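Below is one structure, written out as structure tokens; the observations come after it.
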2 protein chains.
Amino acid sequence: MSAPVAADLLVLDRAAQDMLFRAARTANTFTDEPVTDAQVAAIHDLIRYGPTAYNGQPLRVLLLRSPQARARLLPYVSSSNRAKTASAPLAAVLAADVDFHERLPELYPHRPQARDWLADRAARAEQARFNATLQIGYLLVGVRAAGLAAGPMAGFDAAGVTREFFPDGRHEALLLLNVGHPGPDAWRERLPRLPTADVIHTL
Amino acid sequence: MSAPVAADLLVLDRAAQDMLFRAARTANTFTDEPVTDAQVAAIHDLIRYGPTAYNGQPLRVLLLRSPQARARLLPYVSSSNRAKTASAPLAAVLAADVDFHERLPELYPHRPQARDWLADRAARAEQARFNATLQIGYLLVGVRAAGLAAGPMAGFDAAGVTREFFPDGRHEALLLLNVGHPGPDAWRERLPRLPTADVIHTL
């Protein structure tokens, strides 16, 4: 692992740094060991404290537990992602609730009028996508905090998944996620990361 | 803190859970203690391992260190966010590099043709925003891993900040971020979080 000096400038201990980021990998294969509802609830109970605008928390997670539900997903998954999605212990659709603003009087009680600031659907959908995506970042960290490997997949027909699983018209699918314990040959070599000098600039 | 049973189902130890999520808060005031470039580099060195599609890593961070740079930002910040942005030890613009695909031959070397799949600017900009937003989720966790408080702010004129700070036309501002040690009265009471049953559904 790289950069021992940088790691020592953090307060989070090194084992946690490794579990959440440095040694964590996107898994492409999984063992048969199941992921329980209690584990999923524990992950949500942790990551729900991550910040969102207006405390709106627009992320919704649809677990595809039944063979029927999993089978409905597969036609929308890119061919290179299909086998691992079919065999993962848990597959989930991560979506934004475009009508998250309906809960704001309860979630943001000191400014109940925030619901009305979000009356425009297109502007609200953009907020929903942005903040649900932030929450997906927290969720991937949370899956790792549970000792599990996450397999996020952007290679799928998002409009098709939205139509198939959210006929209510108020949700938008953003990402697919496989979760489990890593199986044999779960990953390739670590791909290169950008140097800090190419990412952080100063004025 | 809530849910001791759920917390025990995670592998990450409780102190780290508290530091990153349960006890962490969005700070509205900060002390004068500076945030060093070495701390910022250590945070990036940790969170750069978070996953992105095509390993594209489109997040870019512009630190506004000089009084002149900070002054250029303030007119674009909503009035309710202006005082804390003016006084935070560190203020940053978090942006997506829409032309992140230029680095893919280096970052995703096993499929160098990925750069060409992203030739369409509008589709690429959507990818850049989505993956940079995921990385902002990792970054907020990383700021907390450094023992610092993050103050993310969506209340600003994003198009104006993009024009002001990224005249190259290849970046889009997504979020403002204040970083520092929490000052007096840094936060209100914790706002309510959605119960898991309202967020996680199963088919």
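The numbers here are math on the coordinates, done by the rules we state, and not lab data. Note that the structure is predicted; figures quoted are calculated from it, not measured. Every residue, glycine among them, receives a Cβ derived from its backbone with ideal geometry; neighbour counts consider all protein chains shown.
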At q = 0.20 Å⁻¹, work out log10 I(q)/I(0) for region A:35-119 with the Debye formula, treating every Cα as an identical point scatterer and leaving solvent out; two decimals please.
-0.95
Overall Cα dimensions of chain B - principal axes, largest extent first, Å
50, 49, 33
For region B:38-131, averaging the sequence separation of alpha carbon pairs under 8 Å that lie six or more residues apart and dividing by its residue count, the contact order in percent is 35
Using θ = phi - 60° and the Karplus relation 6.51 cos²θ - 1.76 cosθ + 1.60, list the HN-Hα couplings for region B:177-186 in order, rounded to whole Hz, with x at every Gly or Pro.
9, 9, 9, x, 8, x, x, x, 6, 6
Ellipsoid equivalent to region B:123-203 - semi-axes via the Cα gyration tensor, in Å:
27, 22, 13
Taking the number of other C-beta atoms within 10 Å as the exposure measure, put A:VAL141, A:VAL161 in order starting with the fewest.
A:VAL161, A:VAL141
Average projected area of the Cα convex hull of region A:72-163, in nm²?
7.5
Under the Karplus relation with 6.51, -1.76 and 1.60 and θ = phi - 60°, whole-Hz ³J(HN,Hα) for region B:6-11, x at Gly and Pro, equal 4, 4, 6, 7, 8, 8
Quick one: which residues, 5 or more positions from A:LEU90 or on another chain, have an amide H under 5 Å from its amide H? H modelled 1.01 Å from N in the peptide plane, none for Pro or chain starts.
A:VAL179
Using the Cβ atoms and a cut-off under 13 Å, what net charge is assigned to the surroundings of B:ALA150, where Lys and Arg are +1 and Asp and Glu are -1?
+3
Say a label goes 7 Å from Cα toward Cβ at A:ASP32 in every copy; what distances in nm does this one have to the rest, shortest first?
6.5
For A:ASP37 and A:ASP168, FRET efficiency with R0 = 30 Å and r from the beta-carbon atoms, rounded to 0.05?
0.85
Which order results if B:HIS201, B:HIS101 are arranged by neighbouring Cβ count within 10 Å, fewest first?
B:HIS201, B:HIS101
Here FRET efficiency (C-beta to C-beta, B:ASP13 to A:LEU74, R₀ 51 Å, nearest 0.05) is 0.85
If you look at just the Cα atoms of the protein assembly as shown, how large are its Rg and its Dmax in Å?
20.0, 59
Long-range amide H partners of A:THR202 with built H, under 5 Å:
B:LEU63
Mind listing the phi-derived Karplus ³J(HN,Hα) values for region A:81-92, rounded to whole Hz, using 6.51, -1.76 and 1.60 with θ = phi - 60°, and x for any glycine or proline?
9, 5, 5, 6, 5, 5, 9, 5, x, 9, 10, 9
Sorting A:ILE43, B:ILE200 on the 10 Å Cβ count, fewest up front, what's the list?
B:ILE200, A:ILE43
Taking Cα centroids, how far is region B:11-86 from region A:1-63 in Å?
18
Residues meeting the amide H criterion for A:LEU191 (H placed from the backbone, H to H distance under 5 Å, 5 or more places apart or on another chain) are none
On each of the three principal axes of the Cα atoms of region A:63-110, give max minus min coordinate, whole Å, ordered largest first.
48, 19, 14
